[in-house]
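The values are calculated or read from the model by the stated rules, or taken from the named source; none is laboratory data. Only a predicted model underlies this, so the values are computations on that prediction, with no experimental measurement involved. Neighbour counts are summed over all protein chains in view; Cβ atoms, including those assigned to glycine, are modelled from backbone coordinates with ideal geometry.
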Amino acid sequence: MQDWELFLAPYEQVVSELKVKLKGIRQQYRDQNLHTPIEFVTGRVKPIHSIQLKCQLRGIPESKIEREMQDIAGLRIMCQFVDDIYEVVRLIRLRNDLKVIQERDYISNRKESGYRSYHLIVEYPVQLIDGEKKILAEIQIRTLAMNFWATIEHSLNYKYQGEFPEKINDRLKNASEAAHQLDAEMSKIREEIQEAQHLFSHGKGAHHIEAVNSPLLSKLNEEESQQGKASKG
């Protein structure tokens, strides 16, 4: 590749534009005082050395990178609940500014390692000075618990190069099940969680904390004043 910066520029644009649009979905829910299925959004363009390594491992010639490497542009959507993930998938399918090319449900069908997430490969048209260019991007949609597990697994995978010691492998699988159980338990009390978040976001929770703390703060101030007078005496 003669000019990586020029090659990756459209991918940078894809990540930037999709982050804005996905965050826009979240804001629309908030503006209507509704629970938003999107907690937060992150994105990145795969580093050059990672692209080159993947080409070597998978035998991808540079002339075919654009079509055969689908995750150069990557976005990650974090959700509070598992049901939120499928709602986000539904919303993305409905959009007419991108096209879903492929879906992989690793939540219903987790990987052997314990990995859970929902992956979408989308085709997104970017507008360049020399015309429109369709770029592939990968969108990963996870709960916060799934993301915590995946982040740890990714770090360990880098250390052990995919060859985990049996003990580590077993603990990762156990941790994956624990994260899955956490998501299941949170889903059972979803309504209570959302009600509490709604109260807090509208100031009632903050006012409650202030009301509880005020007598305590007054007491502390009174004690400090008395201690100050005692020390002077």
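The set of residues in segment 1-34 that are closer than 17 Å to M78 by Cα and in contact with a helix residue (DSSP H, G or I) (Cβ under 7 Å, 6 or more places away or on another chain) contains only I25. Looking at the structure I just gave you, is S108 assigned by TED's automatic domain parsing to the domain that holds M186, surrounded by fewer than 17 Cβ atoms within 10 Å (Cβ to Cβ), part of a loop (DSSP other than H, G, I, E, B) and without any contact (Cβ under 8 Å) to a residue 24 or more places away in the chain? Taking the combined requirement at face value, the residue satisfies it. From the list V89, V15, V82, V45, the one residue that fits, being hydrophobic (A, V, I, L, M, F, W, C), more than 30 Å from L182 (Cα to Cα) and touching a residue at least 40 places away in the same chain (Cβ under 8 Å), is V15.
Considering only segment 91-99, I want to know if a residue exists there that is closer than 30 Å to E191 by Cβ, assigned by TED's automatic domain parsing to the domain that holds Q140, surrounded by 16 or more Cβ atoms within 10 Å (Cβ to Cβ) and at pLDDT 95 or above. Checked segment 91-99: at least one residue is closer than 30 Å to E191 by Cβ, assigned by TED's automatic domain parsing to the domain that holds Q140, surrounded by 16 or more Cβ atoms within 10 Å (Cβ to Cβ) and at pLDDT 95 or above. Taking segment 152-173 as the range and being in a helix (DSSP H, G or I) and among the small types (G, A, S) as the test, only S155 passes. Given (1) more than 23 Å from K46 (Cβ to Cβ); (2) exposed (fewer than 14 other Cβ atoms within 10 Å of the Cβ); (3) modelled with pLDDT of 80 or more, where does L128 come up short, assuming only one miss? Answer for L128: the failing condition is (1). Here Y158, Y115 are screened, and the one residue that is farther than 18 Å from R44 by Cα and either among the charged types (D, E, K, R) or surrounded by 13 or more Cβ atoms within 10 Å (Cβ to Cβ) (or both) is Y115.
Across segment 69-105, the number of residues qualifying as within 15 Å of L18 (Cα to Cα), assigned to a helix (DSSP H, G or I) and charged (D, E, K, R) comes to 1. Within segment 11-23, the only residue that satisfies the criterion of being over 15 Å from L98 (Cα atoms) and more than 15 Å from the chain's Cα centre (by Cα) is E12.
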